[in-house]
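*Asks:* Before we start, here is the structure in question, set down as structure tokens.
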Amino acid sequence: MGSPATLCIACVHRHGADCTAFPQGIPAEILFEGYDHRREYPGDHGIRFEVRRGGERDLTEYLLWKAQAPSAKPQAAPLLNLTPEQVKAFREIADLG
């Protein structure tokens, strides 16, 4: 695994490219920029990261990566507005089918 910039890979609330906390799309800051969604994030409806069964290794890799990544002050990011073609490409790249 390269640099796991997101907790999403190990989260019980992620369903393919979809997320229970962000039905309109996961914010780029969480999905791509390493925001630690164990903390509150605007618009998450009180739903936070919870490790999925079998996701412990992915969580550990994320935490190790995060410990080495330069820290930045978290800021809200706009929601991803992906076209159907972009969603399909994302799923293919992420091997989500």
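*Asks:* Expressed as cubic angstrom per residue, what is the convex hull volume of the alpha carbon set of segment 1-70?
*Replies:* Per-residue hull volume (Cα only) is 87 Å³.
*Asks:* Also, I was wondering about something else. Work out how much length THR60 to GLU85 would gain on full extension: take 0.36 nm times their residue separation and subtract the Cα-Cα distance, in nm to one decimal.
*Replies:* Going from the current span to full extension adds 5.8 nm.
A short reminder: the numbers here are calculations on the coordinates, not readings from a lab. Just so we're clear, the structure is a prediction, and the values are computed from it rather than from any experiment.
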